[in-house]
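What follows is a single structure, written as structure tokens, with notes after it.
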Amino acid sequence: MVDRRNHRGTVLRGGAVVASALALGLVMAGCSAVAPGDDDGHTPGASGQDPDRVVLAEATPGISHLGGSTEELGLKASRAFFERTPAVVVLGKDATDSSKRAAGRASELGIPLLMEPEGASEQKDFDEELERLGAETLIAYGTLSEAAIGDRDVVAGEDPEGQLPTIEAPEKSDNPGFAVVVRAGKKADQAAGPALATAEAAGADRARMASPDPRAEKNRKFFGDHADAQLYTIGQGFGKSAEFSALAKTAAGGQELPGGGQVVFPARRMIALYGSPGTSSLGALGEQDLDGAIKRAKKLATEYQPHSKEKVQPAFEIIATVASAAPGTDGNYSSYTPVDQLEPWVKAAQQAGVYVVLDLQPGRNDFLTQAKHYEKLLSYPNVGLAYDPEWRLKPGQQHMKQIGSVDAAELNRTNDWLAALTRRKQLPQKVVILHQFRRSMIENRSTLDTTHPELAMVLHADGNGTPGMKMATWDNLRRGLPDGIRMAWKNFIDEDSPTFTPEQTFQIKPKPWFVSYQ
């Protein structure tokens, strides 16, 4: 019986041996990946394929995830990137210290790197993959078991001495349209090592992500550059596959927030004028025309910039639906501002680098119904949404007689819709503001869903009066705040005594991420 681990010479598919003096070692013919049966002048084997040719899998644009143990990842990567190959590199159980050299060899030859199977079940998967690939030669690092070898030829990877099989692999420059991402860090690299080596052998571009969010500034260029690639996430730390894919599409789409980027915080803080266009009695926003409001918001942001290491972004918070004393034709005590009246403000703000938040005061209506009315405006990349529960009435209630409230379930339903809209239209993250000055205004607040990556949620503490009164409201509202919600502050120009200066406002702990002026 021949011990295939001690063969000498260039091993060809089928077990033939050629004297090492005639061996070419590794043939890099400059040929690109071919599909089975292509007529390119090579003499096919019995299967109709060149026995020495590496055939890569066909790349189909999209995003998939490869998960599992290190051994499983290696097999999955082989299936993902390779159609066939005459040989594979195998890392033995006793050769973990040779993993980098094994990976380098796989990359050099342009063939997969697999791990020696741990048990019978793994051995079955290993054998099935080698049969699928048509691989009859194992380039071994370490001593492989008889079960792993089977009836295949073996070449020592550490000291091949001209025994490497003749392999015709695609040129690395002929990237077949594959890309892979792995979380940054030594542990992630080790866990995904064979899979990454196999991807590199197939010519895949690779990125390491410190943040799992494709929209993060250090990540999104990679996804934009590989929008048409077949992209694989490898290993742990990427969250839900469908969610990651949606965020990756947003990253590739390239729509940005005012000032750049696709994620609201922590890259910026916002300073906003609050009110209704053309109505000075409802806040600072309506005290001037559109051009004047843009200039005023920018000036205000400039006054805050010396007190913030983050960029300070000018913003508008526009009251889109206004609480009314009369029930109106629908009996809901809330008046809609026409979309075509607000859209010029949204467009001008976008051009000027100003963010816009649409504020809803729904009366006896519900937040979801009113939000859907402004879908056109919420489809702009610079427009977010604010909920004002003070003006959310229950049946029989009226404004100024009772302070309104809303159950968290209604806010969750509205946020579900807004997140889906943002995802579907590949928009950057949206600011969502929850106005509150009494804890009773948001019922069951602890059940708020803060998990939508499309939304940046902010609790707006609306207390007025003396500094002591305002801070008491601030501290009260912060207690028990669900994770994932940042804090915002309101400066009342007339009702506060005195109104905080920009420096005083940013001395509040924690420093507000959003500040509005009313």
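Would you tally the net charge around Pro362, using a Cβ to Cβ cut-off of less than 14 Å, leaving Pro362 out, and scoring K and R as +1, D and E as -1?
-2
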Taking a crude spin-label model, label points 7 Å out from Cα along the C-beta direction, the Glu375 to Glu146 distance in nm is 6.9
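Relative to the present Cα-Cα distance, how much length would full extension add between Thr450 and Asp228 at 0.36 nm per residue of separation?
Between Thr450 and Asp228, full extension yields 76.8 nm more.
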Additional length obtainable on full extension of the chain from Lys311 to Glu503, 0.36 nm per residue less Cα span:
67.6 nm
Calculate the radius of gyration of the Cα atoms of the chain to one decimal place, then report Dmax, the largest Cα-Cα distance, as a whole number, both in Å.
31.1, 99
Modelling each spin label as a point 7 Å along the Cα-to-Cβ direction, I'd like the Glu495/Glu158 distance in nm, to one decimal.
7.7
Taking R0 as 35 Å, what FRET efficiency do you get between Val339 and Lys221 from their Cβ-Cβ distance, rounded to the nearest 0.05?
0.50
For the chain, what is the mean residue ellipticity at 222 nm derived from helices alone (per DSSP H run of n ≥ 4: -39500 (n - 2.57); sum divided by total residues; nearest 500 deg cm²/dmol)?
-8500 deg cm²/dmol
Could you pull out which residues in the range 320-339 have an amide N less than 20 Å from a spot 7 Å beyond the Cα of Ser281, following the Cα-Cβ vector?
320-329, 332-338
Using Cα-Cα distances under 8 Å and only pairs 6 or more residues apart, what relative contact order does the chain have, in percent?
12
What is the magnitude of the charge dipole of the range 268-517 about its Cα centre, with +1 placed on the Cβ of each Lys and Arg, -1 on the Cβ of each Asp and Glu, and no other charges, expressed in debye to the nearest 20?
640
If I take R0 = 41 Å and measure r between the Cβ atoms of Lys240 and Ser324 in this structure, what FRET efficiency does the formula 1/(1 + (r/R0)^6) give, to the nearest 0.05?
0.45
Quick one: Kirkwood hydrodynamic radius for the range 448-518, alpha-carbon pairs, angstrom, one decimal?
12.7
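Ratio of Rg to Rh for the range 268-517, alpha carbon only, Kirkwood?
0.93
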What list do you get for Ile271, Ile149 if you sort them by fewest beta carbons within 10 Å?
Ile149, Ile271
PRE reach from Gln397 (point 7 Å along Cα→Cβ): which of the range 461-496 fall under 17 Å by backbone N?
462
If the label point sits 7 Å along Cα→Cβ of Ala409, residues of the range 447-470 with amide N under 16 Å come out as 447-449
Net charge near Leu477 (other residues with Cβ under 10 Å of its Cβ; Lys, Arg +1; Asp, Glu -1) is +3
In whole Å, what is the distance between the alpha-carbon centres of the range 175-234 and the range 428-479?
38
With a sphere of radius 10 Å drawn around the Cβ of Ala409, what net charge do the other residues whose Cβ falls strictly inside it have (Lys, Arg +1; Asp, Glu -1)?
-3
I need the phi-derived Karplus couplings for the range 386-392: 6.51 cos²θ - 1.76 cosθ + 1.60, θ = phi - 60°, integer Hz, Gly and Pro marked x.
10, 9, 10, x, 3, 10, 9
For the range 55-252, what is the Kirkwood estimate of the hydrodynamic radius, computed as the reciprocal of the mean inverse distance between distinct Cα atoms, to one decimal in Å?
17.0
Within 10 Å of each candidate Cβ there may be at most 13 other Cβ atoms; applying that plus a DSSP loop requirement, which trypsin sites (Lys or Arg not before Pro) in the range 254-343 survive?
Lys309
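Since every read-out is calculated from the coordinates, none of them should be taken as a lab result. Bear in mind that the values here come from a model prediction, so they are computed numbers and not experimental data. Cβ sites come from the backbone with ideal geometry, for glycine too, and all protein chains shown count toward neighbours.
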